[in-house]
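This report refers to the structure that appears directly beneath it.
The values are calculated or read from the model by the stated rules, or taken from the named source; none is laboratory data. Remember, predicted model here, so these are calculated numbers, not experimental data. So basically every Cβ, Gly included, is an ideal-geometry build from the backbone, and we count neighbours across all protein chains shown.
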C-alpha cells in the first residue's frame, strides 16, 4: 500500500494512542467486572455488570488490530525485528511473572509451588496470571507479521500494487475465517496454538482498516463518523441487551461470544474506524495537547505495563477491600468504575516509579 512505510515510522499516531488507552481500560473493566457478573447472574443488575464486562469483546481485538496497523509493512531483518519486539515484550513479562510467582508463594500457597509457577508463566486459567496468555499470542502473531512483511518485500517490485492486492486478499480471507469459526472444523479453540494463530486475522484486518481510504473517497467524513458511531454503539447495546443478558438469564450462567465471531469483528472494526475518522477533525487534533489528550497518551505509553501489572493490583485490592469494606454487596454501577479507577491509577503509579529507577525502567513496558 502507498502509505505502508509511513505507518512503519516511529512518529506517533494520536488516534492509535486513544484506541490503545481505551482498550487497556476496557480490559481492566472486564477483569473488575468478572466478580459482579457472577454475583448478578440472576439479578437485573446483570445488565450493568455485563455492560462493563463485555468491554473485552472489542478491547482485545483493537489491541491486536493496532499491532497489525503498526507493524505490517516494516522492512526489518529477522534479527532486528525480533530483537526489538521480543526484548520489549519479554523483559517486562519475565519480571512480572516472577513478581506474580513470589506473591502467590507468600499470600496464597505459603510456599513455592512449581506447578502454579509454570501455570502463571503460560497464563493458564485459574491462576492470577491468567491474562498472560496475551503475551504468548502476540509473540506468535509477530512471527506471522514477519512472514507477511517478507512476502511483501519479495514481491512488491515484481507485481504492481502487490502490497495493496495482497493485504486486501488476506483481509477478505480473514473475514471469511472469522465468519466460519463457529463450525467445528474451524473452531479456533481446538488447540491453544490454533487459537493464538487465529488472531492473525485481526492483525491483517487492523492494517487494512488503517490504510484503506475506500470509504473516505466516496462518503463525507462527518457522515462516516456518524455511521460508525451509530453502528458501534448500536451493535454493542444489542449485544448486551439482546444477546448476553437474556441468554445468561435463560441458562443461569454468563454467556458471551468468542472474539472470532462476525458480530464482534463488526463491533471492533467500527470502533477502530470511528476513531480513525475522528482523528481527522479539528476538535480531535486539538485534544492532543490538552489534559485529556495527555492522559490518553500516558495510558497508551504504559498500556503493556498496565496489562501486566493490573491483575495483581486488582487481586490485592479486592482482598484488602473485603477486609475493610464489604464492597461485594455493593452496586456494580458504583463499584466497578471505582475499582477500575483505583486499579488503573495504582498500576500507573507503580510503573511511573519503576520508570525512574535504573534498570527497572526496562520492566515497565513503556513505549
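Miscellaneous remarks
- Considering 265, 274, 292, 314, the condition of being within 19 Å of the chain's Cα centre (by Cα), over 29 Å from residue 45 (Cα atoms) and assigned to a helix (DSSP H, G or I) is satisfied by 274 alone.
- Checking residue 60 against (1) at pLDDT 90 or above; (2) closer than 26 Å to residue 300 by Cα; (3) surrounded by 21 or more Cβ atoms within 10 Å (Cβ to Cβ); (4) touching a helix residue (DSSP H, G or I) at 6+ places or on another chain (Cβ under 6 Å), the condition it does not meet: (4)
- Residue 138 vs. criteria touching a helix residue (DSSP H, G or I) at 6+ places or on another chain (Cβ under 7 Å), outside any loop (DSSP other than H, G, I, E, B) and closer than 20 Å to residue 258 by Cβ: yes
- Residues of the stretch 213-246 that are free of Cβ contacts under 8 Å to residues at least 40 places away in the same chain, over 13 Å from residue 256 (Cα atoms), surrounded by 12 or more Cβ atoms within 10 Å (Cβ to Cβ) and under 23 Å from the mean Cα position of the chain (by Cα): 230, 231, 233, 234, 235.
- Pair list, Cβ < 6 Å and 6+ apart or interchain, from the stretch 143-156 residues that are without any contact (Cβ under 8 Å) to a residue 24 or more places away in the chain to residues that are crowded, with 19+ Cβ neighbours inside 10 Å: 156/163
- Top-ranked residue in the stretch 124-141 [being surrounded by fewer than 19 Cβ atoms within 10 Å (Cβ to Cβ) and more than 15 Å from the chain's Cα centre (by Cα); ranked as nearest to residue 75 (Cα to Cα)]: 140
- Of the residues making up the stretch 92-127, those that are farther than 25 Å from residue 139 by Cα and not in a helix (DSSP H, G or I) are 108, 109, 110, 111, 112, 113.
- Matching residues, the stretch 325-341, being surrounded by 14 or more Cβ atoms within 10 Å (Cβ to Cβ) and under 24 Å from the mean Cα position of the chain (by Cα): 332, 333, 335, 336, 338, 339, 340
- Search result, residues across the stretch 320-333 that are part of a helix (DSSP H, G or I), in contact with a helix residue (DSSP H, G or I) (Cβ under 9 Å, 6 or more places away or on another chain) and free of Cβ contacts under 8 Å to residues at least 40 places away in the same chain: 321, 322, 327, 329
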